[in-house]
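Shown next, in structure tokens, is the structure this report addresses.
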Number of protein chains: 2
Amino acid sequence: MRINHLLSLAAFVVILPTSPVTAVANDPLPSWNDTAAKQSIVVFVERVTEEGSSDFVPVEERIATFDNDGTLWSEQPYYFQLAFALDRVKAMAPDHPEWKTKQPFKGVLEGDLDAVMAGGKKSLIEIVAATHAGMTADEFEQIVTDWISTAKHPKTGRLYKEMIYQPMLELLTYLRANGFKTFIVSGGGIAFMRPWTEATYGIPPEQVVGSSIKTRYEVRDGKPVIVRLPEVDFVDDKEGKPVGIHSHIGRRPILAAGNSDGDWQMLQYTTIGHSPSFALIVHHTDGEREWAYDRQSHIGQLDKALDDAKQKGWTVVDMKQDWKTIYPGE
Amino acid sequence: MRINHLLSLAAFVVILPTSPVTAVANDPLPSWNDTAAKQSIVVFVERVTEEGSSDFVPVEERIATFDNDGTLWSEQPYYFQLAFALDRVKAMAPDHPEWKTKQPFKGVLEGDLDAVMAGGKKSLIEIVAATHAGMTADEFEQIVTDWISTAKHPKTGRLYKEMIYQPMLELLTYLRANGFKTFIVSGGGIAFMRPWTEATYGIPPEQVVGSSIKTRYEVRDGKPVIVRLPEVDFVDDKEGKPVGIHSHIGRRPILAAGNSDGDWQMLQYTTIGHSPSFALIVHHTDGEREWAYDRQSHIGQLDKALDDAKQKGWTVVDMKQDWKTIYPGE
């Protein structure tokens with residue numbers, strides 16, 4: 001009897017420091033280690049959803065906004081939308097013999113990305129115009145759908161759409177289960193994301209905010225279509241993010257998540273002078289399972305926002321420490 | 001016994017021709033007369049929601065878009081947002097002594113609307129710039145909220161926000177009960193509508209599409225704000241409506257409702273070449289209970305769209321014939 005008692009006590013002691021069995025079964029964030037980051041999320045969600053609490057937020061105001069590149073899926077060695085654009089240049093090249101000798105297209109076709117990048121912003125705009133405009137919205141949607149269903153990342157061999165973060169999927173689901181409406185607010189193209197965000201993240205097209213090119217309504221061959229024009233309309237990055245949120249959502253989020261200085265203003269807008277509110281930064285610290293980068297990175301530079309995190313009480317997620325899993329099914 | 005029997009039979013016969021008691025109790029559109037318009041709505045909703053039917057539409061694609069002025073609320077003798085702007089000019093006049101001698105403000109202050117209108121579009125833009133820009137988004141929201149809570153229509157004496165159509169409120173509720181997501185797509189100002197559409201129509205800010213002025217993100221006295229600029233950004237009217245739908249919703253509606261040629265392109269975009277789909281036109285035929293106008297009207301001109309309705313099978317709602325009630329609580 002005494003031995004049994006001791007054994008069960010020992011079992012109790014062993015189980016307790018991690019988490020009780022019932023809590024594991026109900027854990028809404030199983031891919032998160034039980035560290036401060038996870039705890040701060042759960043504490044916030046419980047605070048704003050507990051009726052009668054002074055921090056209670058009505059369901060309709062539970063707006064959560066998420067950056068995409070580097071926050072919901074990977075973004076190295078360069079934004080996946082650029083991979084899409086480069087693939088499109090290659091696919092379209094047979095109809096454009098002149099591209100063989102004309103930068104930035106020549107560089108793309110020869111796999112010389114340095115030559116492409118040497119042209120700077122102007123080159124990128126030329127590539128976007130050639131690959132993202134000139135067709136109808138329905139046609140572009142089909143092109144993106146075909147690409148996202150098949151294109152694979154050269155390093156991981158995974159489909160790009162499988163390089164999404166399992167812990168963030170759980171966070172999205174957890175928030176929605178608690179009455180939050182989840183939005184993407186990304187510097188990426190709104191029309192590039194919408195065809196697949198619902199199946200991938202459970203975020204429908206009307207809850208996606210992103211950069212856009214101009215469009216025009218036309219009746220073509222008797223059919224009403226939206227035509228995509230080679231002209232930038234809106235850049236949903238940096239100070240553009242609060243503007244995009246205001247334009248598309250019309251409410252200030254109470255939770256925002258990002259991973260770079262491009263998200264800094266969104267995190268400010270969400271939290272400063274507004275309580276309860278919550279800002280989360282995904283810090284890429286895992287060079288083994290994903291990538292490790294921050295202050296000096298060309299893609300996803302995280303510098304000012306990292307400095308601000310400490311002062312402002314923003315939650316920094318250390319991928320290596322805080323996440324059990326990176327990608328689904330690992 | 002025989003008399004009782006006859007009486008109950010008579011009661012049955014009397015009740016039957018209108019509608020059986022159970023149907024009345026469950027009628028989702030009680031303010032609609034039992035005419036072809038109502039029937040066509042119910043038939044469409046049943047078609048697209050019946051699982052296994054060839055016209056079944058998954059819940060996430062049940063997008064319904066509604067014009068606001070003249071479709072969800074009245075718009076005579078001029079758009080209610082103009083009444084708001086004129087009231088604002090009067091409220092702001094003490095800080096603008098120069099307006100006493102300067103058109104179009106002079107005309108507003110003297111109640112001389114002809115003088116205002118003589119300046120055409122330029123005058124209207126000047127009034128919008130003076131009354132809708134120069135403050136933060138939060139400040140503008142408060143100004144609109146104060147106005148909409150108190151301002152009354154000079155003819156009816158009702159609050160403007162009570163001049164909404166009871167049958168359309170029922171239609172919105174009926175659609176949502178059947179899995180539709182309801183949006184406003186209006187030529188009116190997006191920021192003018194959002195502060196009150198949720199309480200009034202059950203349509204949250206993020207489901208409101210409208211015309212907009214440019215905005216800028218700023219940190220002012222340490223607080224992040226959206227500043228409203230005196231420059232038109234987007235006009236959500238005519239061919240702008242499909243563009244606004246594409247930008248904000250990113251899906252083609254399967255049901256659209258309007259009342260004027262400003263809605264023509266939205267109705268085309270929704271229905272032509274896309275089935276199942278449904279277009280509804282509110283035809284203002286009731287000069288007694290509301291207003292009667294169509295082809296020659298300056299406000300809410302309905303001409304091309306009325307011609308198209310017959311050819312294209314769009315449902316025209318004759319307010320006088322089809323609606324039992326116009327405004328709530330009548």
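The values are calculated or read from the model by the stated rules, or taken from the named source; none is laboratory data. Quick caveat, the model's predicted, so the values are computed rather than measured. Reconstructed Cβ throughout: ideal geometry from the backbone, glycine too, with neighbour counts over all protein chains shown. In case anyone asks, the SASA skips ligands and DNA or RNA and just uses the protein heavy atoms, side chains included. Shrake-Rupley method; radii C 1.70, N 1.55, O 1.52, S 1.80 Å.
Report the closest approach of any chain B C-beta to the axis of the B-to-A rotation: residue and distance, in whole angstrom.
Nearest Cβ to the rotation axis, residue and whole-Å distance: B:His248, 3.
At 4 °C and 1.567 mPa s, grab the translational diffusion coefficient of the stretch A:47-149 from Stokes-Einstein with a Kirkwood Rh over Cα pairs, rounded to a whole number in µm² per second.
Values: Rh = 16.5 Å.
Using the Kirkwood radius from Cα pairs, D works out to 78 µm²/s.
Can you tell me the FRET efficiency between B:Ile272 and A:Lys310 if r is taken as the Cβ-Cβ distance and R0 is 56 Å, rounded to the nearest 0.05? Each step should come with its number before you reach the end.
Working: r = 56 Å, r/R0 = 1.01.
That gives a FRET efficiency of 0.50.
Determine the percent antiparallel among the DSSP beta bridges restricted to chain B, to the nearest 5.
Numbers: 14 of 33 bridges.
Roughly 40 percent of the beta bridges in chain B run antiparallel, per DSSP.
Based on the Cα atoms of the stretch B:98-242, what semi-axes does the equivalent ellipsoid have, where each is the square root of 5 times one gyration tensor eigenvalue, given in whole Å with the largest first?
Values: eigenvalues 160, 93, 50 Å².
Those come to 28, 22, 16 Å.
In whole percent, and with a 1.4 Å probe on the protein chains, what portion of the accessible area of the protein assembly as shown is carbon and sulfur? Can you show the working numbers first?
Working: 16530 of 30270 Å².
Of the solvent-accessible surface of the protein assembly as shown, carbon and sulfur hold 55 percent.
What residue among A:Gln81, A:Gln39, A:Gln265 shows peak mean-square fluctuation when chain A is described by a Gaussian network model with Cα springs under 10 Å?
Among A:Gln81, A:Gln39, A:Gln265, the largest mean-square fluctuation in the Gaussian network model of chain A belongs to A:Gln39.
For a test of understanding, tell me how many lysine pairs in the stretch A:161-304 have Cα atoms under 30 Å apart, given they are 8 or more places apart or on different chains.
14
Which residue, A:Leu113, A:Leu86, A:Leu172, has the most motion in a Gaussian network model of chain A that connects Cα atoms within less than 10 Å?
Ranking A:Leu113, A:Leu86, A:Leu172 by mean-square fluctuation puts A:Leu113 first.
Find every distance from the label point of A:Pro94 to the corresponding label point in the other copies (7 Å from Cα along Cα→Cβ) and write them in nm, one decimal, shortest first.
Spelled out, the distances from A:Pro94's label point are 7.5 nm.
Got the B:Asp286 label distances to the other copies yet, label 7 Å along Cα→Cβ, in nm, shortest first?
6.1
About the Cα centre of the stretch B:98-189, what is the dipole size in debye to 20, counting +1 per Lys and Arg Cβ and -1 per Asp and Glu Cβ, all else neutral?
Working: 11 positive and 11 negative charges, 59 e Å.
Here the size comes out at about 280 debye.
Just to check I understand the Karplus step: with θ = phi - 60° and J = 6.51 cos²θ - 1.76 cosθ + 1.60, what whole-Hz values come out for the stretch B:246-263, glycine and proline as x?
Once θ is set to phi - 60°, the couplings for the stretch B:246-263 become 4, 5, 8, 9, x, 9, 7, x, 9, 9, 9, 10, x, 9, 8, 5, x, 9 Hz.
Mind pulling the per residue volume of the convex hull built on the Cα atoms of the protein assembly as shown? Å³ is fine. Working shown, then result.
Numbers: hull volume 162.3 nm³, N = 660.
Expressed per residue, the convex hull around the Cα atoms of the protein assembly as shown is 246 Å³.
Could you tell me which trypsin sites (Lys or Arg not before Pro) in the stretch B:96-137 are loop residues by DSSP with no more than 16 other beta carbons within 10 angstrom of their beta carbon?
Working: sites: B:Lys100, B:Lys102, B:Lys106, B:Lys121, B:Lys122; in loops: B:Lys102.
Counting only loop positions with at most 16 other Cβ atoms within 10 Å, the trypsin sites (Lys or Arg not before Pro) in the stretch B:96-137 are B:Lys102.
Placing the label point 7 Å from Cα along the Cα-to-Cβ direction, what are the distances from A:Leu113 to the equivalent spots in the other copies, shortest first, in nm to one decimal?
6.2
Please give the net charge around B:His153, taking every other residue with its beta carbon less than 15 angstrom from that of B:His153, where Lys and Arg add +1 and Asp and Glu add -1.
Working: positive: B:Lys152, B:Lys155, B:Arg158, B:Lys161, B:Arg289; negative: B:Asp69, B:Glu75, B:Asp87, B:Glu162, B:Glu290, B:Glu330.
Net of charged neighbours comes to -1.
Compute, for B:Arg88, the solvent-accessible surface of its heavy atoms (probe 1.4 Å) with the complete set of protein chains present, and express it in square angstrom to the nearest 10.
50 Å²
For the protein assembly as shown, give the magnitude of the charge dipole about the Cα centre (Cβ charges: +1 Lys/Arg, -1 Asp/Glu; no others), in debye to the nearest 20.
Working: 68 positive and 90 negative charges, 5 e Å.
For the protein assembly as shown, the charge dipole is close to 20 debye.
Can you list the HN-Hα couplings for the stretch A:158-171, worked out from phi with the Karplus curve (6.51, -1.76, 1.60; θ = phi - 60°), rounded to whole Hz and with x for Gly and Pro?
Calculated HN-Hα couplings, in order: 7, 4, 3, 6, 9, 9, 9, 8, 3, x, 6, 4, 5, 5 Hz.
Of the beta bridges DSSP finds with both residues in the stretch B:199-288, what % are antiparallel, to the nearest 5? Mind showing how you got there, number by number?
Numbers: 8 of 12 bridges.
For the stretch B:199-288, the DSSP antiparallel bridge percentage is about 65.
Can you tell me the mean projection area, over all orientations, of the convex hull of chain B's alpha carbons? Units nm², please.
Details: hull surface 86.3 nm².
Across all orientations, chain B yields a mean hull projection of 21.6 nm².
Could you work out the local net charge near B:Gly210, counting Lys and Arg as +1, Asp and Glu as -1, over the other residues with Cβ closer than 12 Å to its Cβ?
Once positives and negatives cancel, what remains is -3.
Can you give the translational diffusion coefficient of the stretch B:227-325 in µm²/s, computed by Stokes-Einstein from the Kirkwood radius over Cα pairs at 20 °C and 1.002 mPa s? Intermediate values should be presented prior to the final figure.
Details: Rh = 14.6 Å.
Rounded, D is 147 µm²/s.
Enter the mean number of other protein chain beta carbons within 10 Å of the beta carbon of each residue in A:275-287, as an integer.
On the way: counts 0, 0, 0, 0, 0, 0, 0, 0, 0, 0, 0, 0, 0.
Taking the mean over all residues of the peptide, I get 0.
Considering the options B:Ala118, B:Thr200, B:Ala279, tell which one lies farthest towards the positive end of the dipole of chain B, charges being +1 on Lys and Arg and -1 on Asp and Glu at the Cβ, about the Cα centre.
Farthest along the dipole direction, towards plus: B:Ala118.
Along the charge dipole of the stretch A:212-330, pointing to its positive end and built from +1/-1 on Cβ of Lys, Arg, Asp and Glu, which listed residue (A:Gly240, A:Trp291, A:Gly250) has its Cα farthest out?
Value: A:Gly250.
Provide A:Ser260, B:Ser54, A:Ser149 ordered by accessible surface of protein heavy atoms (probe 1.4 Å), highest first. Spell out each step's value before the answer.
Details: A:Ser260 20, B:Ser54 120, A:Ser149 55 Å².
Sorted by accessible area, descending: B:Ser54, A:Ser149, A:Ser260.
How large is the dipole of the stretch A:138-179 about the Cα centre if only Lys and Arg carry +1 and Asp and Glu carry -1, each at its Cβ, rounded to the nearest 20 debye?
The calculation lands at about 340 debye.
Among B:Phe56, B:Phe66, what's the order by accessible area (1.4 angstrom probe), most exposed first?
On the way: B:Phe56 70, B:Phe66 0 Å².
Heavy-atom accessible area, descending, gives B:Phe56, B:Phe66.
Only bridges with both residues in the protein assembly as shown count here: give the DSSP antiparallel percent, nearest 5. Don't skip to the answer; put the middle values down first.
Working: 28 of 66 bridges.
Expressed as a percentage, antiparallel bridges in the protein assembly as shown total about 40.
Under the Karplus relation 6.51 cos²θ - 1.76 cosθ + 1.60, θ = phi - 60°, what is the ordered set of whole-Hz ³J(HN,Hα) values for the stretch B:305-318, x standing for Gly and Pro?
For the stretch B:305-318, the Karplus curve yields 5, 6, 4, 5, 3, 5, 4, 9, x, 6, 8, 9, 8, 8 Hz.
Could you check the spin-label model distance between B:Glu46 and A:Thr35? Points 7 Å from the Cα along Cα→Cβ, value in nm.
It works out to 5.9 nm between the two label points.
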